[in-house]
Structure formats: C-alpha cells, structure tokens
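Taking it in order: structure first as structure tokens, then the write-up.
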Amino acid sequence: MTDDELLTKLDDSTRNATRHQIDALRSILDQNGSVAYLQPYLPPHNTPPDAAAFRRSVPLSTYDDYAEFINQMADTPHIRHQQPLLSVDPLLCFFYSSGTSSPRPKLIPYFDSKLSKAASFIAHQGGSAILRRLFPPRPSVNKIMWFIYADNVTTTRGGFKVMAASTYPLQSGNANWSQLSFISSPREVILGSNVEHQMYCHLLCGLRNCDSIDAVRAPYAIGLIKVFRLLESKWEQMCNDLEHGIPNLEIADVAMRDSVVDVLGGPQPDLAKRLRTVFEGKSWSGIVSKLWPNARYVKCVATGSMEQYYSKLKHHAGEIPLLGGDYFASECCVGINLDITQPPEKTKFVLLPTAAYFEFLPFDMNETNDASAETVDISGVEVGKMYQVVVTTYRGFYRYHLGDIVRVVGFYNLSPEVEFVMRAPKGPGEIITEKDLMSAMQSFQLMLENAMATEITEFASFLDTELSPKQLKVFAEVGERCMLFTQEKIEDSLVVLRRCCSSVEDGLGGIYKVQRDRGEAGPLLLYVVKSGSFDRLSQVAIGNGAPASQYKPPKIIRNREIVWLLEESALVTIS
C-alpha cells in the first residue's frame, strides 16, 4: 500500500467514525464473546449484543479485574489452556506496561489476533507515512540514531516471554534485521543487556556516522534527556574511543564491543579532533546540529509527563524541529498525531475508530467524580470536556479503564480530536494531578534558578495517607553540580527553599488548597534529594522487569518502596 493509499484509508476511517465503531465492537464480540471473562455478563446465544446492550451488561473494569486470569495464563503452559479466558486467539507473550508509579509493571497479554493486526496496521503505517511526507528519504544521508533497547526479556512460569511492546518486533523471532540497516547502531547494541553501555555505544556509533545521520529518535523524551546527560559526562572518553578505534573497556559485552569495533572501522583521529573542537566550546545549545550537521529532526513522545523535558530538548535541538509521537498504549492503539511538528501543549490526536471500541467517562478535576456515571460513545463527546478513556480491545480487555484523561478539542471529519491531560487519579483521596505538580515545579525551578542558579533535574510526589492529617511529600532532585548544601551556604539555602516550598503549595491546584484550608491535609513536606536518586529508581524498576526503552520516571508515586528509596537520598527536608 502506498503512502497516499494509507492516508486515504486513514481519512476514510475518520469520516465514518460511528459506523467503524459499531463494526469494531461487533467484530470483537463475534470473535471473543464466549471467553470466560465475558460469560457472566453476556447472554448465552449466538447474536452479540448491540453497543447499548453491551454497555448495560458488561461492567467497567480495571487491571485488577483481569489479574487472576492474567496470572493463570502466565503460569500455565500453552498446552494446558482449556477454555479461552480473555481471547480465543493464541497467546504469544506478555507486554510490560510502561507505567512506573509502582516498582513492578503490569503484564499485558498479547494475543495473535488477525483482527487486531489489521486494526493497528493503519495506525502504525499511517504515522510512518506522515513522517515520510514531511521528510522524504534521502539516499546519501540515510542513518537514524535510534535509541532502542530490545531489553529485559523474561519468562513466566508457563514459559511465555515478557517484554516491552516496542521490543516485540525485535524479539519475536521474525525480526528482519536487514530492514533495520538504517539504524546507525548494529544489532548487538540493540540486543545488549546493560542499558547505560548500550546508550554509550549508540552514541559512539552515531558520532562515527555523524555526517550520515538524518534523525535522532527515542520512544520517550526522558530517553533523550538521559542520552545528552551521558554525552555531557562522557564526551572525552568517546573522543578517545574514536581516536583509537576501540570502545571503552567498561563495555564488557564481547559481542557488543566487537560490533562497535566494526562500525568504528579503525582509528579516526581526524573525526575525534573535529568533535573535540565542538565539545570544548562548552555550548550545549543546538548541540544536535553541531555534532550531526545533516540531521533534519528529533523525534520522541513529549506529551503528558514527558512535557517537562521538552524545553531542555529544544535547547539541545536548536533550530532542528522536535517531532511528537502518536497515542499508543500497550493495550491498543488510541490515536494518531496528524501534525507531528506541534509542541506538546498544542499536540492533539485523532481517535482511530478502527483500532478499538472507545467509550468516554466524563471527568471533572474540581468535583468528586461519580463512580456510577455513564460513559458516552465516540459520537457523544463534547468539545472542551474531559473524559477518562475506556476501551474494548481485540486482545482481551473489555470496557477497560485505560488510565488516561483526555480533553476533546475538536473533530477531524467525524472523529474526535483529543489532547492528553494526565493519568487518571488512582490512589485513595488523591488531591493533586500530574499537571498540577508539573506546573508548581516549573515555578519552583524558576525561583531556584533566579535565587541560586540551581537546576532541578527531576521530581515526584507522594500522598502519605498513613499520617493524620494526610500529607503530600514532594521530592526534587538537584543537578550534579549543585552547591546548595556546602557549609558556607546551608543557612541561605534553607531560607530560599522554605520560600520556594510555600510557592509550590500555592501552585498545587484547587483540590489541594481546599483540603489544606479544611485541615484535611497537613503542610507540604519538600525533600531535596541528591543527584542520581531518580536514576536509582529507574535501576530498581528495570531490575524488577520494567522495560528500559519505555521507562517513565513517576510523577505521582503510589508505592512506599519508591518513597523509602527517595527519603534515603534526601539532602534536606523542608516543611
């Protein structure tokens, strides 16, 4: 299918959104209406219910409603599955969820569904067609420095592999590595087992091929932030490696080392000298075009919790455009970004009516949302209103809370356009949103920069409901060169931090303010933690199975294990 044909098909699906939604639900129930999960809710006859009857009969669900079935599938070998539990299609593997508010990711079953593959084809290929329309391929500058990691593949007791969704095409046994020759790193780097070493080698290969790099890509903005931090701290070693044609001896993986040696192609003293001149300029503004002069774009997801990294990435990219991603979840495709050149605050996604059956549960951040509220379908949403996204997928989730809140901002043809607002509140009595926290911490960052030239590199919050009254704890990580807490500056630093702490409280939103005024929440507790604390969290999460390529630092923490790790790293606590 040509790019024009793909985009025409995509356009057609949005013009007939309601019909495609009816067809999607009918296809899902025709295929999976007899599975164990649905049996208590659907009548025992061959005709699947219509959409209204389906919504009346089947309750809204969360991951916990599927956990017993998922654990049973994960623990049972293929041959022992007698009755289909969630889908009649064969179970291929499990995907790790990308959420990281707790240290262990969820398992998302991945079934071999022809219907799902057909539904997601337009989403994935349509996004690629949009990119090619903006940046047509060039024969001479044809490499992408793509920070992907086919990592953390584990096996369940039943013998099923568990991996990131983005890893599956590389680990499924059907990977066509010749089609990935446009990636500047060799296969052995992508398949390595040490994320920091892989990142180092990705960079080293990208620097070796600097004149052939057309683009820089990563799944999420945080991945590129870590890349540039590593580059800033290791550039001298990388230049030495290029000069001698051998990677750093810390890279212990023999296959990865040997493959990088091949890419380097022997000593490169002239290239090393040229790159040293760039690095010694000590200017990281526009560093992408300085190092990779033919790069045309940088691409990653920068919406939602990734938005905080956008300005830093923009600083590094300079005049090179930052392109956004589509709205995909481990459970299903949701929406496509038709204008990937827009910044996060203007990014909107067109809902894909063929990708799943969508429902929308009204949500108001300033009210206690009624658990008995009814959903509306794709034709019933209203511009300007917020909704929790509910999906019925081709792969075993039925009226499932995806965990996202979106705002409808318009319509493309007849399909809603939405902007991502935040992850849905999950904890008991949560009193702030990710957006509240990000807004408050931006103000905090500005105050610290103005008062003390100090950078906040990461942050998160935790609502401690075991205290009476409950208390919000905010953790802020300072940059590596922070001099806040030297003996000479400690008193002045504490004065500034107390003033900043008050500013953070003022910016945490209406629900927080009301509960503080009523005495239902105690005063904010601010922990300033040392540099590297959030990297430690990522190491714990990855060690527990979270995919390195999909890891997102938590903003709203809901697990005490994470809180204890951060509290142990505190340099100072302010209330």
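The values are calculated or read from the model by the stated rules, or taken from the named source; none is laboratory data. Keep in mind that this is a model prediction, so the values were computed, not measured. Note that each Cβ is placed from the backbone with ideal geometry, even for glycine, and that neighbours are counted across all protein chains shown. Surface accessibility is based on the protein's heavy atoms, side chains included, excluding ligands, DNA and RNA. Shrake-Rupley method; radii C 1.70, N 1.55, O 1.52, S 1.80 Å.
Worth pointing out:
- Packing, as the average of other Cβ atoms within 10 Å across residues, places the peptides 30-37, 431-438, 396-403 in the order 396-403, 431-438, 30-37, highest first.
- Share of carbon and sulfur in the accessible heavy-atom surface of the range 434-574 [1.4 Å probe, %]: 47
- Cα pair distances exceeding 47 angstrom across the chain, given as percent: 14
- Probe 1.4 Å, all protein chains present, accessible-area order of 276, 518, largest first: 518, 276
- Multiplying the residue separation of residue 140 and residue 232 by 0.36 nm and subtracting their alpha-carbon distance yields 30.3 nm.
- Largest first, the residues 470, 290, 555 sort by 1.4 Å accessible area into 290, 470, 555.
- In a simple Cβ point-charge model (Lys, Arg +1; Asp, Glu -1; nothing else charged), the range 434-574 has a dipole of about 300 debye relative to its Cα centre.
- For residue 299, a cut-off of 22 angstrom between C-alpha atoms picks up these lysines, skipping any fewer than 8 places away in its own chain: 143, 226, 290, 312, 314, 346, 348, 552.
- Sites residue 246 and residue 75, calculated FRET efficiency, Cβ-Cβ separation with R0 51 Å, nearest 0.05: 0.65
- For residue 217, the amide hydrogen comes within under 5 Å of the amide hydrogens of 145, 146, 147, 299, counting only partners 5 or more places away or on other chains and with H modelled in the peptide plane.
- For the range 434-574, the fraction of alpha-carbon pairs lying more than 23 Å apart is 34 percent, rounded to a whole number.
- Accessible surface calculations at 1.4 Å, restricted to protein heavy atoms, place the chain at 44 Å² per residue.
- Kirkwood-based Rg to Rh ratio, the range 198-253, C-alpha trace: 0.96
- Volume per residue of the convex hull around the Cα atoms, evaluated for the range 267-317, comes out as 95 Å³.
- If the convex hull is drawn through the Cα atoms of the range 387-449, its volume per residue in Å³: 141
- Per residue, the chain reaches -11500 deg cm²/dmol at 222 nm when only DSSP H runs of four or more residues are counted, each adding -39500 (n - 2.57).
- Rounded to 5, percent antiparallel among DSSP beta bridges of the range 434-574: 60
- Spatially, the range 291-359 and the range 250-272 are offset by 32 Å when compared through their Cα centroids.
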